[in-house]
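Note sheet for the following structure.
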Amino acid sequence: MQLLKEFERFRALGHVHIAQPAIILIAIITLLHGAAHATDYAGPLFDAHLHYNTEAWNGQSGPHPPSDVLARMQRSGVRAIVANSRPNDGTQLLASSPLVRQAGVAVVPFIRLYRNRADYDSWFKDESIFEMVKEEFGKGTPGGAYKGIGEFHLYDSANANGVVAKKLMVFAEEKGLVVLAHVDDVAIDLLMANTPSKGQKTKLIWAHTGIGGVPVARVDALLAQYPLLMGELSYRPGLTCAATQDGERLCPEWRALLLKYPTRFLIGSDTWVNQRWLYYDDTMQGYRAWLSELPAEVARNIAWNNGVRLFNIAASSTTKQ
Ligand SMILES: [Zn+2]
């Protein structure tokens with residue numbers, strides 16, 4: 001019986017001995033968790049890949065009227081957006097909205113090539129698209145001139161040599177427009193080759209920076225080859241690695257690439273379907289988390305300054321947080 005009591009006492013002590021380090025560990029994790037969130041990038045964000053498609057607002061109200069999308073941007077600290085939409089009415093609406101102006105969100109309007117979903121697969125050879133783009137460019141928006149073309153897709157990179165794709169690349173460079181392209185690395189070379197400067201003066205944002213998983217070394221080589229090529233980082237596979245207590249972390253080779261080219265990357269929401277609007281806040285918080293792993297100046301470049309420089313946004317916008 002005495003032995004049993006001794007054993008019970010020993011076991012109880014054992015529990016204490018095991019429990020104390022566990023409690024300390026939990027306390028450390030909790031502290032680190034809190035500390036990581038406290039140091040998330042907290043500055044302004046430039047959403048360089050935003051769609052305001054017809055199904056978001058249905059021409060009148062829809063599930064995400066301007067007041068709704070604007071509230072999401074404000075909650076997330078988004079102070080500037082590249083806006084494009086299928087068809088272009090959504091961009092026109094955002095560019096003319098007094099709500100947007102009052103909120104101090106800078107709208108950088110892009111001309112989309114798609115009047116409807118059917119245009120995704122044929123725009124590169126459809127002369128009526130080129131005519132529509134020229135007309136839209138001439139019209140501009142109530143908020144000012146269009147600053148770019150896209151987002152467009154090329155599911156087969158060879159279509160970068162389509163007659164209208166070639167004309168549009170020349171038009172963009174001649175007018176100083178930025179091109180937002182969802183393409184593979186082969187198409188980047190082809191699109192650049194079709195410009196007057198052969199890509200040396202072409203302002204092209206590579207949407208998702210190779211969504212098919214183009215190797216980092218290849219991305220590096222393209223950034224080196226084309227001085228004004230920018231990489232937008234939504235949906236980029238391999239950018240973040242296994243999740244930890246604090247969310248996803250930058251993968252080492254991507255971290256190295258961001259540090260090598262701190263002025264060449266942008267972030268974006270890619271609200272291509274309404275579901276992306278529902279998760280807008282989470283998407284932006286995800287960016288804030290991995291941006292915090294970078295030196296403060298690099299984080300601010302990718303989050304904000306690179307977009308401001310690319311589009312020459314008024315200084316007044318840049319001072320607001
Ligand atoms: Zn998109």
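The values are calculated or read from the model by the stated rules, or taken from the named source; none is laboratory data. Please read all numbers here as calculations on a predicted model, not as lab measurements. Every residue, glycine as well, gets a Cβ built from its backbone with ideal geometry; the counts of neighbours run over all protein chains shown. For accessibility, only protein heavy atoms count, side chains too; no ligands or nucleic acids. Shrake-Rupley method; radii C 1.70, N 1.55, O 1.52, S 1.80 Å.
Residues checked against (1) at pLDDT 95 or above; (2) under 30 Å from G90 (Cα atoms):
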| residue | (1), (2) |
| --- | --- |
| L239 | yes, no |
| D246 | no, no |
| R255 | yes, no |
| L258 | yes, no |
| P262 | yes, no |
| Q285 | yes, yes |
| W304 | yes, yes |
| V308 | yes, yes |
| Q321 | no, yes |
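From the list R255, R236, exactly one residue is over 24 Å from K147 (Cα atoms), buried (at least 18 other Cβ atoms within 10 Å of the Cβ) and in contact with a His (Cβ under 9 Å, 6 or more places away or on another chain). Which is it? On inspection, the qualifying residue turns out to be R236.
Report whether or not V82 is away from the ligand (no atom under 16 Å from the Cβ), buried (at least 17 other Cβ atoms within 10 Å of the Cβ) and not in a helix (DSSP H, G or I). Spelling it out, it is not the case that V82 is away from the ligand (no atom under 16 Å from the Cβ), buried (at least 17 other Cβ atoms within 10 Å of the Cβ) and not in a helix (DSSP H, G or I).
Inspect segment 242-259 for any residue being in contact (Cβ under 8 Å) with a residue 60 or more places away in the chain and within 13 Å of the ligand (Cβ to nearest atom) and give the result as yes or no. So that I can check it myself, show each step before the final result.
So in segment 242-259, the residues in contact (Cβ under 8 Å) with a residue 60 or more places away in the chain come out as 245-246.
Subset that is within 13 Å of the ligand (Cβ to nearest atom): none.
Taking every residue of segment 242-259 in turn, none turns out to be in contact (Cβ under 8 Å) with a residue 60 or more places away in the chain and within 13 Å of the ligand (Cβ to nearest atom).
Taken together, the criteria place F152 among residues that are of a type in the set (F, W, Y) and either within 25 Å of I267 (Cβ to Cβ) or within 16 Å of the ligand (Cβ to nearest atom) (or both). Of all residues in segment 260-287, those satisfying the criterion of being among the aliphatic types (A, V, I, L, M) and within 14 Å of the ligand (Cβ to nearest atom) are L266, I267, V273.
Filter segment 185-223 down to the residues that are within 16 Å of the ligand (Cβ to nearest atom) and surrounded by fewer than 20 Cβ atoms within 10 Å (Cβ to Cβ), then identify the one that is nearest to F110 (Cα to Cα). Steps first, answer last, please.
Looking only at segment 185-223, we keep the residues that are within 16 Å of the ligand (Cβ to nearest atom), and these are 187, 204-212.
Now drop any that are not surrounded by fewer than 20 Cβ atoms within 10 Å (Cβ to Cβ), which leaves 211-212.
Numbers: I211: 21, G212: 24 Å.
Step by step, filter segment 185-223, then rank; the result is I211.
Pairs linking a residue in segment 273-302 that is under 16 Å from E55 (Cβ atoms) to a residue that is among the β-branched types (V, I, T) and modelled with pLDDT of 95 or more, with Cβ atoms under 7 Å and 6 or more positions apart or on different chains, are W277/V69; W277/T271; Y280/T271.
The set of residues from segment 227-273 being within 13 Å of the chain's Cα centre (by Cα), closer than 30 Å to Q200 by Cβ and among the β-branched types (V, I, T) comprises just one member, I267.
Of the residues G138, G162, G143, which is surrounded by fewer than 20 Cβ atoms within 10 Å (Cβ to Cβ), in contact (Cβ under 8 Å) with a residue 12 or more places away in the chain, of a type outside the set (S, T, N, Q) and farther than 12 Å from L113 by Cβ?
Working: G138 fails: in contact (Cβ under 8 Å) with a residue 12 or more places away in the chain; G162 fails: farther than 12 Å from L113 by Cβ.
The unique qualifying residue is G143.
Any idea which of (1) touching a Leu at 6+ places or on another chain (Cβ under 6 Å); (2) farther than 18 Å from L50 by Cβ is the one F124 doesn't satisfy? Among (1) touching a Leu at 6+ places or on another chain (Cβ under 6 Å); (2) farther than 18 Å from L50 by Cβ, F124 violates only (1). So, in segment 165-174, how many residues would count as being open to solvent by 60 Å² or more (accessible area, probe 1.4 Å) and out of contact with any helix residue (DSSP H, G or I) (no Cβ under 7 Å at 6 or more places or on another chain)? The qualifying residues number 2. Return a yes/no flag: does segment 140-159 have any residue that is part of a helix (DSSP H, G or I), in contact with a strand residue (DSSP E or B) (Cβ under 7 Å, 6 or more places away or on another chain) and aliphatic (A, V, I, L, M). The answer is no; no qualifying residue exists.
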